[in-house]
Amino acid sequence: MRGALLLLCLIVSACAPVTPRLGSPAAEWRPSPNFEPRRANYVILHHTSNNTLEAALSTLTSPASKVSSHYLVGRDGRVLQLVDESQRAWHAGVSWWGGQTDMNSASIGIELDNNGFEPFPPVQIDALLALLTDIQTRHQIPRANFLGHADVAPGRKADPSIHFPWAQLAAAGFGLWCAPPYPETPADFDALPGLAALGYDPSRPEAASAAFKLHFAPEDSNPELTPEDRERLYCLLQQRQS
């Protein structure tokens, strides 16, 4: 009798449906072992710092590296999924955004095949936009919650680089962006609390200012906020609240 029950259980389990992978159906599945369960409300964008997709993939799927992301987007537009979106990939590390201190638990990580010193090819950005559209549709992630690694780890990380087209992404609905003419900024507007209100870590004001410039004024290598940066910041806060 016991043997018959065991056989029945094996048959039922064999016939049970396999839990579908949560992710983009357009991505090629290349599973990484480096993940934990979690729920996502942000997307964090990175560049790999590698010269080839193969080198980046090796790092992101190695148990020894303790590093992973949910997706890897190649220079040629190829999209690889490494971790199920319902799981916690290890891509943000020590991080802070709007009081959230564990961005790995709250975000989907996307690595872009780029060494940090080169433009991002249009075919790669097109593939990224298609992927972001798919993710946003399924998760309903607010447009303000599409961020860069440098935003959540200021002073420690600088990716994606100054070459990343944040304005193009914002025009497609992923992230915030403001361009002149800016709305009138109150005379008493304080930029440092403004950076914290946007999401940056208030305990590191200089690093937060530099990360803000990297994202929203990459053409200006001066990390200090200018009067125009102050106007831009106020504009972004207004946009975030709308």
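Based on C-alpha pairs under 8 angstrom that are at least 6 apart in sequence, the range 99-181 has a relative contact order of 30 percent. Taking 0.36 nm per residue of separation and subtracting the Cα-Cα distance, full extension of the segment from Arg156 to Tyr182 would add 6.3 nm. Within the range 61-118, the trypsin sites (Lys or Arg not before Pro) that combine a DSSP coil assignment with at most 13 other C-beta atoms in a 10 angstrom radius are Lys66.
In a simple Cβ point-charge model (Lys, Arg +1; Asp, Glu -1; nothing else charged), the chain has a dipole of about 1100 debye relative to its Cα centre.
Between the beta carbons of Thr52 and Gln239, assuming R0 = 45 Å, the FRET efficiency works out to 0.75 to the nearest 0.05.
Think of it as helices only: each DSSP H run of n ≥ 4 in the chain is worth -39500 (n - 2.57), and spread over all residues that comes to -11000 deg cm²/dmol at 222 nm.
The orientation-averaged projection of the convex hull spanning the C-alpha atoms of the range 131-242 amounts to 7.1 square nanometres. The residues neighbouring Leu60, those whose beta-carbon lies less than 10 Å from its own, together hold a net charge of 0 under the Lys/Arg +1, Asp/Glu -1 convention.
Under the rule that an exposed site lies in a DSSP loop and has at most 12 other Cβ atoms within 10 Å, name the longest stretch of the chain with no GluC sites (Glu not before Pro) of that kind, not counting the sites themselves. Segment 1-183 is the longest. Kirkwood's formula applied to the C-alpha pairs of the range 56-145 gives a hydrodynamic radius of 14.0 angstrom.
FYI, it's all coordinate maths here, none of it is from the lab. Since we're looking at a predicted model, the values are computed, not measured. Don't worry about glycine lacking a Cβ; one is built from the backbone with ideal geometry, like all the others, and counts go over all protein chains shown.
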